[in-house]
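Peer 1: First the structure, then my questions, so here it is.
Values in this text are rule-based calculations from the coordinates and carry no lab data. Keep in mind that what you see is a predicted model, and the values were worked out from it rather than measured. Here the Cβ is made from the backbone with ideal geometry for all residues, glycine too, and neighbour counts use every protein chain on show.
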Amino acid sequence: MEDNPFMTDRELTRLLKVSIQTIRLDRMELGIPELRERLKLMAERSYDPVRSLQADEVIGEIVDLQLDKSGISIFEISEEHAFARTGIARGHHLFAQANSLAVAVINDEVALTATADIRFLRPVHLGEKCIAKAYVRRAGQRSKAKVEVFSYVGDELVFEGQFVIHHSGNEAASIEGGDEH
């Protein structure tokens, strides 16, 4: 749970090979809140405010943001995000989550995507939660930043993208940071 606080009870049952009742009882005994509460607690923690977008322009819920370094957002696939016949998420929603996080992590008033090199690694299905992690890697020029975004369902990588973000360069002259995915 420390490595992946977004793990659901169902994922824990598969990982630990025990019943869901056992997971819930053990979680209660250990004082570990359910997923919704863990997400709420993470969202309430202080993190840098987004400068480049309005809060409602970010696709997914930002749960951690360190401007010019890294960010994390969570996006649950609901019926409006998936094809009705297959229950598979439409790709533009996964891209939108990653793209908006790549822009949000930039410490500037104006930030726009210049280029994006993306890969979808497996379909994401209705009801799954996508956890996107963005890392600012470098700035080739004062007005451009490279941001890598990796999206996961559980521990499985489902999307990756490299974004070049153009910004006005007012705040971030030399951007470097982030951890490995």
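Peer 1: Provide the per-residue ³J(HN,Hα) series for region 23-32, in order, calculated from phi with Karplus coefficients 6.51, -1.76, 1.60 and θ = phi - 60°, each as a whole number of Hz, with x at glycine and proline positions.
Peer 2: Residue by residue, region 23-32 yields 4, 5, 5, 5, 4, 5, 4, 8, x, 8 Hz.
Peer 1: Here is a follow-up. Please work out the FRET efficiency for the pair Glu80 and Arg10, using the Cβ-Cβ distance as r and a Förster radius of 35 Å; give the result to the nearest 0.05.
Peer 2: Values: r = 23 Å, r/R0 = 0.65.
Between Glu80 and Arg10 the formula returns 0.95.
Peer 1: Name the shape class, rounded, prolate or oblate, that the alpha-carbon gyration tensor gives for the chain, where a ≥ b ≥ c are the square roots of its eigenvalues, rounded holds for a/c under 1.5, and otherwise prolate holds if a/b is larger than b/c and oblate otherwise.
Peer 2: Prolate, because a/c is 1.5 or more and a/b exceeds b/c.
Peer 1: Near the amide H of Phe159, under 5 Å away, which other amide H atoms are found, from residues 5 or more places off or on another chain, if H is placed in the peptide plane?
Peer 2: Counting only residues 5 or more places away or on other chains, the set is Leu121, Ser151.
Peer 1: Another question about this same structure. With θ set to phi - 60° and the Karplus curve 6.51 cos²θ - 1.76 cosθ + 1.60, what are the ³J(HN,Hα) couplings of region 99-107 in order, to the nearest whole Hz, using x for Gly and Pro?
Peer 2: Karplus-based 3J(HN,Hα) across region 99-107 equals 5, 5, 5, 4, 6, 4, 6, 7, 8 Hz.
Peer 1: Grab the DSSP H runs of the chain that are 4 residues or longer, score each as -39,500 (n - 2.57), total them, divide by all residues and round the 222 nm result to the nearest 500 deg cm²/dmol.
Peer 2: Values: 4 runs with 43 residues, N = 181.
Result for the chain, helices only: -7000 deg cm²/dmol.
Peer 1: May I pose another question? For Lys144, enumerate residues with amide H under 5 Å from its amide H, sequence gap 5+ or separate chain, H modeled in the peptide plane.
Peer 2: So Lys144 has HN proximity to His167.
Peer 1: Could I ask something else about it? Could you calculate the FRET efficiency of Gln54 with Arg24 from 1/(1 + (r/R0)^6), where r is the beta carbon distance between them and R0 is 30 Å, rounded to 0.05?
Peer 2: Details: r = 38 Å, r/R0 = 1.26.
The calculated FRET efficiency here is 0.20.
Peer 1: Suppose R0 equals 25 Å; then what is the FRET efficiency for Asp117 and Met1 from their Cβ-Cβ distance, rounded to the nearest 0.05? Each step should come with its number before you reach the end.
Peer 2: Working: r = 33 Å, r/R0 = 1.34.
Plugging the Cβ-Cβ distance into 1/(1 + (r/R0)^6) gives 0.15.
Peer 1: A further question on this structure: What ranking do 145-155, 20-30 get when scored by the average of other Cβ atoms within 10 Å per residue, highest first?
Peer 2: Details: 145-155: 21.7, 20-30: 12.6.
Sorting 145-155, 20-30 by mean packing, highest first, produces 145-155, 20-30.
Peer 1: Can you list residues whose amide H is under 5 Å from Cys130's amide H, if they're 5+ apart or on another chain and H is modeled 1.01 Å from N?
Peer 2: Phe75, Glu76, Ile77
Peer 1: Explain nothing, just the number: relative contact order of region 53-112, from Cα pairs under 8 Å at least 6 residues apart, as a whole percent.
Peer 2: On the way: 66 pairs, mean separation 23.6, N = 60.
Reported as a whole number, the value is 39 percent.
Peer 1: Continuing with this model, one more query. Give me the lysines in straight-line cross-link reach of Lys69: C-alpha distance below 21 Å, same-chain residues under 8 apart excluded.
Peer 2: By straight Cα distance, Lys69 reaches Lys133, Lys144, Lys146.
Peer 1: Take every Cα pair under 8 Å in the chain that's 6+ residues apart, average their separations, divide by the length, and report that relative contact order as a whole percent.
Peer 2: 20
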